[in-house]
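Report on the following structure.
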Amino acid sequence: MNDVIEFDSDLFNDLYYHLEEDFNNDDIRFIFAYGGSSASKTYTVVQLLIIRMLSINENTMILRKFGVDIKDSIYSDFVKIISEWDLSHLFKFQINYIECLQTGSFIRFRGLDDAEKIKGLVGFKRVILEEISQFNAEDLKQIRKRLRGEIGQQIVGLFNPISEDHWLKKLFDSENLQPVSYTHLT
């Protein structure tokens, strides 16, 4: 049986609540969060994923364009927050893998230096593209094609502002994306 863990609402910013709502909406396929460095995009997604891991058995794939960037970025954010929240006893940590012992949910971390390598996304609820602006359009095309098999699967892209000529800008212009703004709380 899972113990109930309560969190102080002061831990979370407005983006957290927007993302929580979007993560719970099976009709939303794409979620993009952008802002300047230190805007808490990654930190907020990590908080949300940890809480989801504690309560829901769903798996997440986190991709960076280059695998070498994982350990010192988003992976270390997971380890730090889990430790700060005194929850380390509920998780198993391995290289590029974190599992919640309470629910069995897990997160895998991979580098995607070649879009053809992205196979086997069946069984994942969502794919997080950390610094999606470092990926290319073919990478996203392959991820879209391969993330299948479950209702409500999502692709989440996190990035800093980009140039008007970047492929992401063209994607935003061609898709029917609904912008949501939030106020970052400090």
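The values are calculated or read from the model by the stated rules, or taken from the named source; none is laboratory data. Computed from a prediction, not measured in an experiment: that's the story for all the values here. Cβ atoms come from the backbone with ideal geometry, glycine included; neighbour counts cover every protein chain shown. Just the protein is used for accessible areas: all its heavy atoms, side chains included, with ligands, DNA and RNA removed. Shrake-Rupley method; radii C 1.70, N 1.55, O 1.52, S 1.80 Å.
Criterion first (farther than 22 Å from Leu171 by Cβ, surrounded by fewer than 16 Cβ atoms within 10 Å (Cβ to Cβ), more than 15 Å from the chain's Cα centre (by Cα) and not small (Gly, Ala, Ser)) does Ile82 satisfy it? No; evaluated as a whole, the condition is false for this residue. Please go through region 112-135 and give me each residue that is open to solvent by 30 Å² or more (accessible area, probe 1.4 Å), in a loop (DSSP other than H, G, I, E, B), over 19 Å from Glu58 (Cβ atoms) and in contact (Cβ under 8 Å) with a residue 24 or more places away in the chain, ordered by number. Correct list: Asp113, Lys119, Glu131.
Set side by side, the residues Phe109, Phe93 differ, and just one is within 21 Å of Lys80 (Cα to Cα) and either assigned to a helix (DSSP H, G or I) or free of Cβ contacts under 8 Å to residues at least 40 places away in the same chain (or both), which is Phe93.
Assessment of region 22-34 against the conditions (part of a helix (DSSP H, G or I), surrounded by 12 or more Cβ atoms within 10 Å (Cβ to Cβ) and touching a Leu at 6+ places or on another chain (Cβ under 9 Å)) yields at least one matching residue. Specify the residue that is farthest from Tyr75 (Cα to Cα); the eligible residues are those in region 1-19 that are open to solvent by less than 60 Å² (accessible area, probe 1.4 Å) and not in a loop (DSSP other than H, G, I, E, B). Ranking the qualifying residues of region 1-19, first place goes to Asp14.
Across region 35-71, the qualifying residues are those that are farther than 20 Å from Gly123 by Cα and open to solvent by 60 Å² or more (accessible area, probe 1.4 Å), and the one among them that is modelled with the highest pLDDT is Tyr43. Here is a check on your reading of the model: is Ile82 over 15 Å from Leu15 (Cβ atoms) and either assigned to a strand (DSSP E or B) or modelled with pLDDT under 95 (or both)? So Ile82 fails the test.
The residue of region 91-130 that is farthest from Thr44 (Cα to Cα), among those that are of a type in the set (Asp, Glu) and modelled with pLDDT under 90, is Glu116.
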